[in-house]
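Student: Here it is: the structure, laid out below.
Each value in this text was obtained by applying a stated rule to the coordinates, not by laboratory testing. Computed from a predicted model, the values in this text were never measured in an experiment. Neighbour counts run over all protein chains shown; Cβ positions are idealised from the backbone, glycine included.
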Amino acid sequence: MAKKKSFSTIPKSERTLMVGVNIRGIPRDLSLDDSLNELELLAETAGLYVTGQIEQNLVKPNPKTLIGSGKVEEIKTLLTELETNVVLFDDELSPRHQRELEKEFGEEIRVLDRTALILDIFAQHAETHEGSLQVELAQYEYRLPRLTRAWTHLARQAGGAGGSKSGSVGLRGPGEKQLEVDRRDIHRRIDHLKIEIEKVREHRSRHRDRRKKSRIPLIALVGYTNSGKSTLLNRLAESDIYAADQLFATLDPTTRRVDLPGGTKALISDTVGFIQKLPTMLIAAFRATLEEITEAELLVHVVDSSHPNANEQAKSVLKTLEDIDADKIPVLTVYNKIDKFLDSNFANPEITEIDSIAISALTGEGIEELLNLMHSKLFESYSSVKIDLPYKEGALIALFHEHGQIELIEQKREGVMIHGKIPVRYVARYQNYFIEVEGETNQD
């Protein structure tokens, strides 16, 4: 049930009641309580103040309002008791659910869902032109199917999750006309944003091509939001990227050069943090940024070992990597924040000597060993592969000849079949042409 808090100085437009729903047969990454705890952190990051929470278990969702009619009435009562004007759902609401709930709760109440909240946080934290473009595109694609007379002039509106709705048109006829104008404006803006983002994508692609010619490998830091990726990059590169103990503290990607053992160098890129139920339109809009992950030769998966849901968070990250086709890239798992344990002998049964390590990016414990592992992964590990390469991929054929160990090569009419070993850091470049991957071996 609801948990009352003192909020006498908080504006009603920022007071928020959270709603969590369990639907039978639909699996969850986190328990409902843990998911709502995370939602509260997201709300606080967006500048909202949670006054309470309410839950419901359902056999199947209500087609109109998601939750049952009795629960709708219960929420109305709580909103009055808690003097709260925002209802925040833990799951993404369908356009119909959103419209019906807004009708039920009335014009004074703002209905939000997790997706809208995350989009708002991204909008607040996007500092570069690229990040702003990507967030704006995701916001418009989310809002378009939810457009009603209460959401008019969206193309000219700005503001955070705690802001009030734009005013509705009083008469039905003019209101419908204004909706059509808004829809056309939003479609034009979406088309423009996609063109601008494609320019960014092309620029990144040219930049990556230049980087590949330099022979400097790219390592991408990935992980759940607030796992400590930015702090780790600061430690590895001796830089001063903004890092804070909050969700999505940094959004725009940052790349730094890092010295590895043996005089070798690598580029390390800090990418946007993941989270369970990451909105699909955000993944699509951030394609240009997420390609930094798919082009990396090694992924360093940073896990907050001190978090009670560390394993669930790690699984959510791996699922997202699969969604963006980055699951074939070698992964080194880093269990961060061991400084938070009273027992300095941190142990996790998931850690293996080869591909996992426990560290503290804050204190520096384990960093030297991490650098050695990254060097080993990039320069000493090989995978046995069978690949069919078309002749048009001459650069990949040449790369295999230069860095791989060819055991069998067969010229065909359309291309060349190669059976051999290739450094792990190059495996992802060949993933579209695999016949078979037999596994990794270490070459000293």
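Student: Placing +1 on the Cβ of each Lys and Arg and -1 on the Cβ of each Asp and Glu in region 12-121, which of Val111, Thr65, Ile54 has its Cα farthest towards the positive end of the resulting dipole?
Tutor: Toward the positive end, the furthest listed residue is Thr65.
Student: Stick to Cα atoms and the Kirkwood definition of Rh, then tell me Rg/Rh for region 12-121.
Tutor: So for region 12-121, dividing Rg by the Kirkwood Rh gives 0.92.
Student: Sticking with this structure for a sec: Can you sort Met18, Met374 so the residue with the fewest Cβ neighbours within 10 Å comes first?
Tutor: Fewest-to-most Cβ neighbours within 10 Å comes out as Met374, Met18.
Student: Using r as the Cβ-Cβ distance of Asn432 and Gln411, and R0 as 22 Å, what FRET efficiency do you calculate, to the nearest 0.05?
Tutor: Calculated value: 0.65.
Student: What does the highest-first list of 400-412, 265-277 look like by mean Cβ count within 10 Å?
Tutor: Order by mean packing, descending: 265-277, 400-412.
Student: Taking the alpha-carbon centroid of each part, what is the distance from region 77-135 to region 263-302 in angstrom?
Tutor: 26
Student: Kindly rank 384-391, 47-54 from highest to lowest mean number of other beta carbons found within 10 Å of each residue.
Tutor: 47-54, 384-391
Student: Suppose R0 equals 22 Å; then what is the FRET efficiency for Asn62 and Thr280 from their Cβ-Cβ distance, rounded to the nearest 0.05?
Tutor: 0.40
Student: If packing is taken as the average count of other Cβ atoms within 10 Å, what order do 89-97, 129-137 fall into, highest mean first?
Tutor: Answer by packing, highest mean first, reads 129-137, 89-97.
Student: Taking R0 as 41 Å, what's the FRET efficiency between His401 and Glu238 from their Cβ-Cβ distance, rounded to 0.05?
Tutor: It comes to 0.65.
Student: Sticking with the crude label model, points 7 Å out along Cα→Cβ, report the distance from Asp191 to Glu365 in nm, one decimal please.
Tutor: Label at Asp191, label at Glu365, 5.8 nm between them.
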